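Participant: This is the structure I want to talk about, given as structure tokens.
The values are calculated or read from the model by the stated rules, or taken from the named source; none is laboratory data. Treat the numbers as computed from the prediction; the structure is a model and nothing was measured. Ideal geometry is used to build each Cβ from the backbone, glycine not excepted, and the neighbour counts take in all protein chains shown. Side chains included, ligands, DNA and RNA excluded: accessible areas come from the protein's heavy atoms. Shrake-Rupley method; radii C 1.70, N 1.55, O 1.52, S 1.80 Å.
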Amino acid sequence: MDHIQIYTIKSNVKIAEDTFKMVLSGDTSLITAPGQFVNIQLDGLYLRRPISIHDWDEQSFTIIYKVVGKGTEQMSKMAEGEKLDILMGLGNGYTVMDKQNVAVVGGGVGVPPLYAMAKKLKAEGKHVIAVLGFGYKDQVFCEEEFKAVCDEVYVTTNDGSYGIKGFVTTAMEGKNIEYFYACGPEPMLKALHKTGIPGQLSFEARMGCGFGGCMGCSCKTLTGYKRICVEGPVMLTEEVTFDE
Amino acid sequence: MNKLEVKLGDLTLKNPVIPASGTFGFGYEFARFYDLNILGSMSLKGTTKDPRYGNPLPRIAETERGIINAIGLQNPGIDAVIANELPKLKPLYNDKVIANISGFSVDEYVHTASMFDKEDQVGILEINISCPNVKAGGMAFGTSAENAAMVCREVKKAVKKPVFMKLSPNVTDIVAIAKACEEAGADGISLINTMLGMRIDLKTGKPIVSTKMAGFSGPAIKPVAVRMVYQVYEAVKIPIIGIGGIATAEDVIEFMMAGASAVQVGAQNLVNPYACRDIINDLPKVMEKYRIEKLSDIIGKAH
């Protein structure tokens, strides 16, 4: 089966400021792990748009995206029944580790892929704390969804307009977290890395292809050069290095 | 006879469709999408004497109908390519591949070409004197007829396999450079490499990619490439591989009519990893539409 398939939009609704949730129906057999992404072709735009997978079942999958440019703006205007050409099941995704007390840590549009991961961790009997960081109240989304599948959920906002004032690391202080799974902006990943807790970090990059053809998203790691699209987007804290 | 078959010098390709260097890794990355054996050949990731990480991120920006990239020749170096990359590709592709070679001095080009020359899997040595994304070398050799000829002559002295020179479009007279390469013994010409481009982020007011200027490719540059293939075809007798924005079977025919014996598909592989397969599948029906019996009949038809 081709990795490019046509998907039909089942719903596309606004869930927070500039943030939309889209459900697409079609073959999902190429999705193998939470944390993977898809690459979406849009009319009039040359390169595809890489977006992480929020959740999936046998007939459909969900993405949550923020309008940040032409591509996502076009997507936000699409309606039920419209079709999208999508390259499926890209990237390595998260791996469940043998650690009992874990956290899923998301920042902004980094929150979505952690939902499917939280479900998977719960299904494997882990104690799961979700820490969801946003800038301010109007940006907050998915809190209820995480509450339904996690043992504890903490929401932080930078300005304190909702939940705990501060960053995700503020909410993590003093909690029993042996291991974490994270996705979010680079400063957040860097702060998590500094805590010394082992975990998995999912990175974002401007990509050419999304499947290892162009080397457009290569980064240096302690275990050699890696392409964020193929050997990532999820990397282990022990292999990641942040340039100062 | 296979109506898609074409020749590049002594090498026969079952069809003229070749993924271009830098858009197809070392080939095996695409084996999960389709059987690579359908391809006429493939041009591997540009290889240098020493390993290179390439340029800082971001390396990519989108344009209208195209992309600018500043990868900067990331590759593991010739020794690792021969030890690791070629063996990984070997079980997945039976025909000869094109080794794409870059360097920062004539000696480096000669060294890397000589190493590839010993490899059975390699059918053609493609000498890239046109990479716009490295500070020294690369394009510096491809923007002067004298330097291009010098690289070509020295490589030819050291190798047995056919040498194709990959030319830069960022010159005032592409014909003079192509002729200089032919006189220096080149067995063929690949053109064009990327055009020098730039994109600026309106929010920051700064160029998007880390090197500021970078290589522009994609369907947007196709007319420039067709024009250059046409000009070079009039001036040289050696075969030409046409490159520049090819995305459809119709594009392949257009390049061949301009004078290309085969073509390379570049940026389109990044948008659609099935691009080469789809083009090969579409060629017979497009040929029928234009009443083309054999592809080799139309080479240079526009002249």
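Participant: Please report, in whole Å, how far the alpha carbons of the range B:164-303 spread along each principal axis, starting with the longest.
Facilitator: Computed over the range B:164-303, the largest-to-smallest principal extents equal 54, 38, 20 Å.
Participant: If you don't mind, another one. Kindly provide the helix-only [θ] at 222 nm of chain A, computed as the sum of -39,500 (n - 2.57) over DSSP H runs of four or more divided by all residues, to the nearest 500 deg cm²/dmol?
Facilitator: One gets -4000 deg cm²/dmol as the mean residue ellipticity at 222 nm.
Participant: What percentage of the solvent-accessible surface of chain A, computed with a 1.4 Å probe over protein heavy atoms, is contributed by carbon and sulfur atoms?
Facilitator: 49
Participant: A further question follows. Give me a single rounded figure for B:61-67: the average over its residues of other chain Cβ atoms within 10 Å of their Cβ.
Facilitator: 4
Participant: Now for a different question. Among A:163, A:141, A:181, which residue has its Cα furthest toward the positive end of the charge dipole of the range A:101-202, with +1 on Lys/Arg Cβ and -1 on Asp/Glu Cβ?
Facilitator: Sorting the options by dipole projection puts first A:181.
Participant: Quick one: P(r) of the range B:158-222 from all Cα-Cα pairs, 5 Å bins, percents rounded to integers, in order of increasing distance.
Facilitator: Bins of 5 Å from zero give 4, 15, 19, 16, 14, 12, 9, 6, 4, 2, 0 percent of pairs.
Participant: Can you give the extra length, in nm with one decimal, that the chain gains between residue B:293 and residue B:157 once fully stretched, where that is 0.36 nm per residue apart less the Cα-Cα distance?
Facilitator: Length gained, residue B:293 through residue B:157: 45.0 nm.
Participant: Principal axis extents for chain A, Cα atoms only, whole Å, descending order, please.
Facilitator: Between the extreme Cα coordinates on each principal axis of chain A lie 48, 40, 34 Å.
Participant: If you take the C-alpha gyration tensor of the range A:101-202, multiply each eigenvalue by 5 and take the square root, what semi-axes do you get, largest first, in whole Å?
Facilitator: 18, 16, 12
Participant: Right, next: Taking all protein chains as present, what is the carbon and sulfur share of the accessible area of chain B, in % to the nearest whole number, probe 1.4 Å? Kindly include the intermediate steps, with their values, before the conclusion.
Facilitator: Values: 5930 of 11610 Å².
The computed percentage sits at 51.
Participant: Additional query: Keeping all protein chains in place, calculate the accessible area per residue for the protein assembly as shown (probe 1.4 angstrom), answer in Å².
Facilitator: Counting only protein heavy atoms, the per-residue value for the protein assembly as shown is 40 Å².
Participant: Using a 1.4 Å probe on protein heavy atoms, which residues of the range A:193-211 have at least 50 Å² less accessible area in the complex than alone?
Facilitator: A:206, A:211
Participant: While we're here: Rounded, prolate or oblate for the protein assembly as shown? Axes are the square roots of the Cα gyration tensor eigenvalues, ordered a ≥ b ≥ c, and the cut-off for rounded is a/c under 1.5.
Facilitator: The shape class here is prolate.
Participant: Go through the range A:28-63 and flag every residue whose accessible area shrinks by 10 Å² or more with all protein chains in place compared to the isolated chain (probe 1.4 Å).
Facilitator: Listed in order, they are A:41, A:46, A:47, A:48, A:49.
Participant: Excluding ligands and nucleic acids, what accessible area in Å² is computed for residue B:156 using a 1.4 Å probe, to the nearest 10?
Facilitator: Estimated to the nearest 10 Å², residue B:156 gives 60 Å².
Participant: Using Stokes-Einstein with the Kirkwood hydrodynamic radius over Cα pairs, what translational diffusion coefficient do you get for chain B at 37 °C and a viscosity of 0.692 mPa s, in µm²/s rounded to a whole number? Don't skip to the end; give the middle numbers.
Facilitator: On the way: Rh = 18.9 Å.
The calculation lands on 174 µm²/s.
Participant: Among DSSP beta bridges lying fully in chain B, give the percent that are antiparallel, nearest 5. Walk me through the numbers before you get to the answer.
Facilitator: On the way: 17 of 40 bridges.
Around 45 percent of the beta bridges assigned by DSSP in chain B are antiparallel ones.
Participant: Suppose R0 equals 45 Å. What FRET efficiency, 1/(1 + (r/R0)^6) with r the Cβ-Cβ distance, do residue B:12 and residue B:203 give to the nearest 0.05?
Facilitator: Using R0 = 45 Å, I get an efficiency of 0.30.
Participant: Rounded if a/c is under 1.5, else prolate if a/b is larger than b/c, else oblate: which is the range A:4-90, with a ≥ b ≥ c the root eigenvalues of its Cα gyration tensor?
Facilitator: Taking the square roots of the gyration eigenvalues as a ≥ b ≥ c, the range A:4-90 is rounded.
Participant: Also: Using DSSP, restrict attention to beta bridges with both residues in chain A and report what percent are antiparallel, rounded to the nearest 5.
Facilitator: 60
Participant: Per residue of chain B, what 222 nm ellipticity follows from adding -39500 (n - 2.57) for every DSSP H run with n ≥ 4, rounded to the nearest 500? Each step should come with its number before you reach the end.
Facilitator: Values: 9 runs with 87 residues, N = 303.
Mean residue ellipticity at 222 nm (helix-derived): -8500 deg cm²/dmol.
Participant: Then there's this: Checking an interface number: how much accessible area is buried between B and A, summed over both chains, with a 1.4 Å probe, in Å² rounded to 100?
Facilitator: Summed over both sides, the interface buries about 2600 Å².
Participant: Rounded to the nearest 5, what % of DSSP beta bridges with both residues in the protein assembly as shown are antiparallel? Don't skip to the answer; put the middle values down first.
Facilitator: Working: 55 of 102 bridges.
So the antiparallel bridges in the protein assembly as shown amount to around 55 percent.
Participant: Quick check on packing: order A:9-22, A:44-57 by the mean number of other C-beta atoms within 10 Å, highest mean leading.
Facilitator: Ranked by mean Cβ neighbours within 10 Å, highest first: A:44-57, A:9-22.
Participant: Same structure again: Work out the FRET efficiency for residue A:77 and residue B:117 from their Cβ-Cβ distance, taking R0 = 51 Å, and round it to the nearest 0.05.
Facilitator: E(calc), rounded to 0.05, equals 0.40.
Participant: How much FRET efficiency would the formula 1/(1 + (r/R0)^6) give for residue A:236 and residue B:84, where r is the Cβ-Cβ distance and R0 is 22 Å, rounded to 0.05?
Facilitator: Rounded to the nearest 0.05, the efficiency is 0.45.
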